[in-house]
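Asker: Dropping the structure in here first, questions after.
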Amino acid sequence: MGSNGRRPENTELSDPEKDLVLAHVEDIGAKCHSCGGTDFAVGDALYLGFLFRSEDQDAYMVALTCKNPDCEVPHTGVHLHRDQFLRGASHESA
Ligand SMILES: [Zn+2]
């Protein structure tokens, strides 16, 4: 089922935004569930508020990939609020 297409509901993050995600991951001490590694590559952000009513309106799940080449299940994710990582032009003013 491999596909190069980016799903439209996913948000691609800029490098500064990825840095913010990594800073948060380090902050909360997130570890890979498979190998316990703490080195991650940041992928797309999936907006959760749209999909799940139980989520906050600004909740996102950001994909993380464990950088350990021996990791058996390298894909995980981190739960973030919009203002924790999105600093882009799409910000509505308060
Ligand atoms: Zn891992």
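Asker: With a cut-off of at most 11 other beta carbons within 10 Å, and DSSP calling the residue loop, which trypsin sites (Lys or Arg not before Pro) in the range 7-62 qualify? Please list them. Don't skip to the end; give the middle numbers.
Answerer: On the way: sites: Lys18, Lys31, Arg53; in loops: Lys31, Arg53.
Sites meeting the loop and neighbour criteria: Arg53.
Asker: In whole Å, largest first, what are the principal axis extents of the Cα atoms in the range 11-85?
Answerer: The Cα atoms of the range 11-85 stretch 36, 25, 21 Å along the principal axes, largest first.
Asker: In whole Hz and in residue order, list the ³J(HN,Hα) couplings for the range 32-48 that follow from phi through the Karplus curve 6.51 cos²θ - 1.76 cosθ + 1.60, θ = phi - 60°; x for Gly and Pro.
Answerer: 4, 5, 8, 10, x, x, 10, 9, 10, 9, 8, x, 6, 9, 10, 6, 8
No lab work stands behind these numbers, since they all come straight from the coordinates. Predicted model only: the values in this text are computed from it and were never measured. Glycine also receives a Cβ, built like all others from the backbone with ideal geometry; neighbour counts cover every protein chain displayed.
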